[in-house]
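Reviewing the structure listed below.
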Amino acid sequence: AQKRVPFIGANWKMYLMPDQVIPYIETIKNQIPKPSETQVMIAASPLYLWPLLKHAVGSDVIIGAENCDYHDTGAYTGEVSPKALAEIGIQYSIAGHSERRHYFDEDPTIVNKKVHALLRNQINPIVCCDETLVRTETNDGVHWVVSQVIAAFKNVSSTDALKMMIAYEPRWAIGTGITASADEAEEGCALIRQTISRIYSPEVAETVRVLYGGSVTPKNVKALMAKPDIDGVLVGSASLDPDEFLNLIHY
Ligand code: PEP
């Protein structure tokens, strides 16, 4: 996987409180690798994005969004505009996190609309594809992860596909402390890459970064990152403490 720049993303979800946010970014901002070696992102609540961007100025920490709406602007009370995200300087956003799919009924069509909204606003989507405990199949007989990948890329050009990252995040491994073994994670990530190859081409599949997420810790990250189809990780629980996240980044 070494032609692709490794990517390590924190997903704070709805955990950190306002007094923790600035000390966190100040702790990590000058201690991360060069972006040519590893890109490091913090995805945070929209409440914190502007102050985080301000404090990240001059460092290589990428500040990302956890979610956004699929309309640019309009009468959508309580939603987050992707256009506004772009205008404050956000360049990456998660789309279709398992918790969004599970608790907020985001189906693959909605996730695809979010992908298009992000791309038209020059924000790079990080699409999460989940997997339930049993490797269930859809009515079409297609593996559930594969069907989510196909849906995420619907009507996306190959040029735009290159701007995306796809994360394999088995739902049973998220926030549970149960990590997929490095082999299981590799199997899911390889399946995603094969699917991208089938949709576009082997060249596109060789360029798009595929991530693993689900109970990644400083202890297991090395084995995961050593796998050929795992280009990076998304980290929830182990990203909440800046020192633990730094340990994970410098595995
Ligand atoms: C996530 O939310 O993307 C995630 C992987 O969470 P955790 O690391 O807590 O399993």
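Some notes on this structure:
- From Ala180, Ala152, Ala205, residue being within 19 Å of the chain's Cα centre (by Cα) and within 15 Å of the ligand (Cβ to nearest atom): Ala180
- Among (1) among the charged types (D, E, K, R); (2) surrounded by 14 or more Cβ atoms within 10 Å (Cβ to Cβ); (3) over 18 Å from Arg100 (Cβ atoms), the one test that Glu79 misses: (3)
- Taking every residue in the stretch 183-198 that is at negative phi and pairing it with any residue that is of a type in the set (Ser, Thr, Tyr), at least 6 positions away or on another chain, the pairs with Cβ-Cβ distances below 7 Å are Ala185/Tyr168; Ala185/Tyr212; Gly188/Tyr168; Cys189/Tyr168; Cys189/Tyr212; Ile192/Tyr168.
- Residues of the stretch 208-248 classified as of a type in the set (A, V, I, L, M, F, W, C), more than 14 Å from the ligand (Cβ to nearest atom) and more than 17 Å from Pro170 (Cβ to Cβ), total: 4
- Subset of the stretch 99-116 that is away from the ligand (no atom under 16 Å from the Cβ) and not in a helix (DSSP H, G or I) - its residue that is surrounded by the fewest Cβ atoms within 10 Å (Cβ to Cβ): Asp105
- Ala84 vs. criteria loosely packed, with under 14 Cβ neighbours inside 10 Å and either aliphatic (A, V, I, L, M) or at negative phi (or both): no
The numbers here are math on the coordinates, done by the rules we state, and not lab data. In this text, all values refer to a predicted model and were calculated from it rather than measured experimentally. Quick reminder, even Gly has a Cβ in these numbers, built from the backbone with ideal geometry, and neighbours come from all protein chains shown.
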